[in-house]
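Here is the structure we will look at.
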Amino acid sequence: MKSYLFLAVIVAFNISYAGNDTLSLENAIELVLKNNYDLLATKANVQIAKKNATYGNAGMLPSINLNSSSSIASYDRRQRLSDNTELYGKGAPSSIIIAGVGFGWTVFDGGAMFAKYRELKNELSWNEEAFKSSLELVVDSVMIQYYTLAKQQKIVFYKQKFIEMYEERMRIAESKWNLDLLSKNDYLQAKAELNWQKMHFLYDDNILKAQKVNMNKLLCRDLEIDFVVSDEFSVSYNPSFEELKKTVVLNNHSIRLQELNLEKEKLIVKQANSLMYPKISLYSNYNFSQNKAQASWIQLDQTLGFNAGVNASWYIYNGGNARRQIANSKIFLDRSNLKLESTKLVVEASLLNAYNSYLSSKEILKMAEENSLIVEEHLHSMMERFKLGRCISLELMQAQQTYELSQVQVIDSKFRLRIAELELMRLNGELVKM
């Protein structure tokens, strides 16, 4: 599986290593591809289809058979010949030996064998495309889970920062309360909010631990392995919608699978049409036979020789089955055409929705980052004013809460933009390069 190149999906991701306990996205994908049972089964289907796509399996090659048989018998036999001569044998033994080599080759069957061979090659292409599609879905699933874990890890990191921020506020409130510069209620409020932050941290940290267990399960390794992931990722994908509309029809795996299904139905129609044509085959045999019988006029009959010929057959009437098969195959072809058009429509709709989501996520991230800088500056200002006694606890609390929301919004916006980017790449068949 390592021969499959999925680096295209990792180039845009800045992988950083903090030590041996850092799980990179590339390593996560490699582990999943190595251990995923569904992928191994789908790959086996490709190998089977590759072995089946041969001229012999399509009926285009001759067949050679070696045949032999031998039998012995013992009979009471009485024979009267035309000259009234009588032959009689009690328990007379007899034996028959037959051996030979047969050759047969269908040289014309209305083009069915050629259509069958193309169908076998089509089946190989379909299984290869299905493997790519399965590989893409697995990689997409791993990446989404990896980024989800990275998002939660970042949230936990900021929750620790928030706790430090609230601890500083409580220390200031406690110091001012001891100097009778602030009421005890303000100190208790600051302490209560600190405890709330600690509880929220424990809650988010537990979510992070659960996600690590799920990731270990997905990677088929020890569930208790602790690790960190790279939570700093940038988005460099900048597609054009007009270009995507052109390439998605060529690259999307769902469309490609339906196109291959349509091609298969066309080949089945050709095979059905071949029933209306004659079938011509060549044959030859080289045989040896020997017949021994004691109680017989001819005690030894032995032949050795070669024969060859041509067989020709043509359905004149078979109950209308040939025409029925042709009509049904054309119906299946029309149905496959409709499925292809339906799949294209679904993919185009998904592409438009994904692109709109990508654009809006990009704009939201830009505003979230801008707002984060404003809120951070406002918080520092309010903290300095609180130290100088120029603002009340409520104003500082509101500034802290706004800061928390802004930081979480930036993390969430980056995550949503990355997921929107992945969806565009998946629809355009760019997530996995083979």
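Is at least one residue of segment 389-397 out of contact with any strand residue (DSSP E or B) (no Cβ under 7 Å at 6 or more places or on another chain), assigned to a helix (DSSP H, G or I) and exposed (fewer than 15 other Cβ atoms within 10 Å of the Cβ)? Don't jump to the end; show me each part of the working.
Narrowing segment 389-397 to residues out of contact with any strand residue (DSSP E or B) (no Cβ under 7 Å at 6 or more places or on another chain): 389-397.
Checking the rest, the ones that are also assigned to a helix (DSSP H, G or I) come to 393-397.
Right, trim to exposed (fewer than 15 other Cβ atoms within 10 Å of the Cβ) and you get 394-395.
Taking every residue of segment 389-397 in turn, at least one turns out to be out of contact with any strand residue (DSSP E or B) (no Cβ under 7 Å at 6 or more places or on another chain), assigned to a helix (DSSP H, G or I) and exposed (fewer than 15 other Cβ atoms within 10 Å of the Cβ).
Go through V213, V248 for me and flag whichever is closer than 30 Å to F131 by Cβ, touching an Asp or Glu at 6+ places or on another chain (Cβ under 9 Å) and buried (at least 16 other Cβ atoms within 10 Å of the Cβ). Explain how you work it out, then say what you get.
On the way: V213 fails: buried (at least 16 other Cβ atoms within 10 Å of the Cβ).
Checking each option against the conditions leaves just V248.
Could you count how many residues in segment 370-386 are surrounded by 15 or more Cβ atoms within 10 Å (Cβ to Cβ) and more than 28 Å from S413 (Cβ to Cβ)?
Selection size over segment 370-386: 2.
What are the pairs, 6+ residues apart or on separate chains, where a residue within segment 372-383 that is within 13 Å of L405 (Cβ to Cβ) has its Cβ under 6 Å from a residue that is in a helix (DSSP H, G or I)?
So the pair list comes out as S372/S406; S372/V410; V375/T402; V375/Y403; V375/S406; H378/A399; L379/A399; L379/Y403.
Can you pull out the residues in segment 205-222 that are among the hydrophobic types (A, V, I, L, M, F, W, C) and not in a loop (DSSP other than H, G, I, E, B)? Steps first, please.
First pass over segment 205-222, keeping only residues among the hydrophobic types (A, V, I, L, M, F, W, C): 207-208, 210, 213, 215, 218-220.
Across segment 205-222, the qualifying residues are I207, L208, A210, V213, M215, L218.
Determine which single condition L351 fails, assuming it passes every other condition in (1) over 21 Å from the mean Cα position of the chain (by Cα); (2) surrounded by 20 or more Cβ atoms within 10 Å (Cβ to Cβ); (3) farther than 21 Å from E167 by Cα.
So L351 meets the others, but not (1).
Just one of D301, D231 is at pLDDT below 90, more than 30 Å from F162 (Cβ to Cβ) and acidic (D, E); which is it? Write out each step before concluding.
Values: D231 fails: more than 30 Å from F162 (Cβ to Cβ).
Answer to the check: D301.
Answer yes or no as to whether L182 is part of a helix (DSSP H, G or I), touching a residue at least 24 places away in the same chain (Cβ under 8 Å) and touching a helix residue (DSSP H, G or I) at 6+ places or on another chain (Cβ under 7 Å).
Numbers: part of a helix (DSSP H, G or I): no; touching a residue at least 24 places away in the same chain (Cβ under 8 Å): yes; touching a helix residue (DSSP H, G or I) at 6+ places or on another chain (Cβ under 7 Å): yes.
For L182, the condition - part of a helix (DSSP H, G or I), touching a residue at least 24 places away in the same chain (Cβ under 8 Å) and touching a helix residue (DSSP H, G or I) at 6+ places or on another chain (Cβ under 7 Å) - is not met.
Each row is one residue, and each column tells you yes or no for (1) assigned to a helix (DSSP H, G or I); (2) under 21 Å from Y158 (Cβ atoms); (3) among the polar types (S, T, N, Q).
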| position | (1), (2), (3) |
| --- | --- |
| Y203 | yes, yes, no |
| E224 | no, no, no |
| D231 | no, yes, no |
| Y237 | no, no, no |
| T247 | yes, no, yes |
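Hey, does segment 171-178 have a residue that's surrounded by 15 or more Cβ atoms within 10 Å (Cβ to Cβ), touching a Gly at 6+ places or on another chain (Cβ under 9 Å) and over 30 Å from Y358 (Cβ atoms)? Even if it seems obvious, please write down each step before you answer.
Quick first cut of segment 171-178, residues surrounded by 15 or more Cβ atoms within 10 Å (Cβ to Cβ) only: 172-174, 176-177.
Narrowing further to those that are touching a Gly at 6+ places or on another chain (Cβ under 9 Å): 176.
Narrowing further to those that are over 30 Å from Y358 (Cβ atoms): 176.
Yes, that holds for at least one residue.
Going by the conditions given, is E193 at pLDDT 90 or above and in contact with a helix residue (DSSP H, G or I) (Cβ under 9 Å, 6 or more places away or on another chain)? Break it down stepwise before answering.
Values: at pLDDT 90 or above: no; in contact with a helix residue (DSSP H, G or I) (Cβ under 9 Å, 6 or more places away or on another chain): yes.
So E193 does not fit the description; no.
Considering E423, E377, E395, E370, which residue is modelled with pLDDT under 90 and of a type in the set (D, E)?
On the way: E423 fails: modelled with pLDDT under 90; E377 fails: modelled with pLDDT under 90; E370 fails: modelled with pLDDT under 90.
Step by step, each of E423, E377, E395, E370 is checked, and only E395 is modelled with pLDDT under 90 and of a type in the set (D, E).
Do any residues in segment 152-178 that are free of Cβ contacts under 8 Å to residues at least 12 places away in the same chain and over 16 Å from S372 (Cβ atoms) have Cβ atoms under 9 Å from those of residues that are crowded, with 18+ Cβ neighbours inside 10 Å and of a type in the set (A, V, I, L, M), where the two are at least six apart or on different chains, and which pairs are they?
From residues that are free of Cβ contacts under 8 Å to residues at least 12 places away in the same chain and over 16 Å from S372 (Cβ atoms), the pairs are R171/A190; S175/L182.
For segment 43-96, which residues satisfy the criterion of being modelled with pLDDT under 90 and among the aromatic types (F, W, Y)?
Y75, Y88
For the structure I just gave you, tell me whether A272 is within 30 Å of I96 (Cα to Cα) and aliphatic (A, V, I, L, M). Don't jump to the end; show me each part of the working.
Details: within 30 Å of I96 (Cα to Cα): no; aliphatic (A, V, I, L, M): yes.
Considered against the rule, which asks whether it is within 30 Å of I96 (Cα to Cα) and aliphatic (A, V, I, L, M), A272 comes out as no.
If I filter segment 122-134 for residues that are buried (at least 18 other Cβ atoms within 10 Å of the Cβ), among the aliphatic types (A, V, I, L, M), out of contact with any strand residue (DSSP E or B) (no Cβ under 6 Å at 6 or more places or on another chain) and free of Cβ contacts under 8 Å to residues at least 60 places away in the same chain, do I get at least one hit?
no
The values are calculated or read from the model by the stated rules, or taken from the named source; none is laboratory data. Please read these numbers as outputs of a predicted model, since none were measured by experiment. Note that each Cβ is placed from the backbone with ideal geometry, even for glycine, and that neighbours are counted across all protein chains shown.
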